[in-house]
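Structure first, commentary second.
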C-alpha cells in the first residue's frame, strides 16, 4: 500500500520544529524573513506561510505584527488567586508582569446593567488592564465601578489604587463579599486580537462581582486569560469556621 505524500508545508514545519526543539533556533530568536525562508526551501511564500501557521498553531512560533516571526519562549503560567484577584507568578523567581491600566467613563448596557444592578445608561468608571510578560499578553481585565465608589487618585500613576489594579484585584472596600463565576470558552474577536490568540484557543473567563455588607453591588470585573497560561486557585472555608472567627 502506497503511503500518502506529505504536503510540502508540513515537511518545512517539521524541519523548523526540529531546529527549535533541538535548540538550533533559540527561544525568543527571530526567524529569517518569510521571503528568505521561501527561497531557502524553494517554495512560494503561500506555502511557507502555511508551514509557519502550523508552528503558530502549536504555540512554537509567534508572529509579531511589523517585526516578524519569533520562537516563543516556554510558557510561564500565572496563578489567579480567587476571592481578591491577586496575580502571582508561577514561581517566585519570575519577574512580575507588566500591566498597563487605562481609565474611562462608560454607560451601563447589556449584561453590565444586570451585574451591577443599575439602569441602562448609568455612568460607570471602567478600568481596562492588560498584563504582559515581555512582549506576550498574559491576560486582560475590565473592572467596572459606580462613579461615587471610584477610588481617589485615579489620575495619580503612583497611587495605591493603581497598584491594586495592576494585580487585577478587587478595587473596592476589603469588607466586600466576592462572588466569581468561571468558565472556559473560545475568545471573542477582540480578546483574540488583544491576547494574540487563535480563535479556537480556549480562554479562562472569570466574572467577578463584589457586594458590600448591605448587599449593594459595588464592583464588577470581566477577566480573561489564555487557558494554557493560567491556573486559578480558590480557597473555601467551612461555615462553622467563619462563625468561630466572628466570635
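Taken over the stretch 8-137, the convex hull of the Cα atoms encloses 168 Å³ per residue. With each label modelled as a point 7 angstrom along the Cα→C-beta vector, the residue 73-residue 128 pair spans 2.6 nm.
Available extension along the chain between residue 36 and residue 21 is 3.3 nm, counting 0.36 nm per residue and deducting the alpha carbon span.
Using a cutoff of 8 angstrom between alpha carbon atoms and counting only pairs six or more residues apart, the relative contact order for the stretch 8-71 works out to 42 percent. Considering every alpha-carbon pair of the stretch 8-71, the percent of pairs per 10 Å bin, from zero through the bin containing the longest distance, is 24, 62, 14. Taking the alpha-carbon centroid of each part, what is the distance from the stretch 123-138 to the stretch 166-227 in angstrom? A separation of 11 Å, based on Cα centres.
Coordinate-derived values only; no laboratory data. Computed from a predicted model, the values in this text were never measured in an experiment. We place every Cβ from the backbone using ideal geometry, glycine too, and count neighbours over all the protein chains shown.
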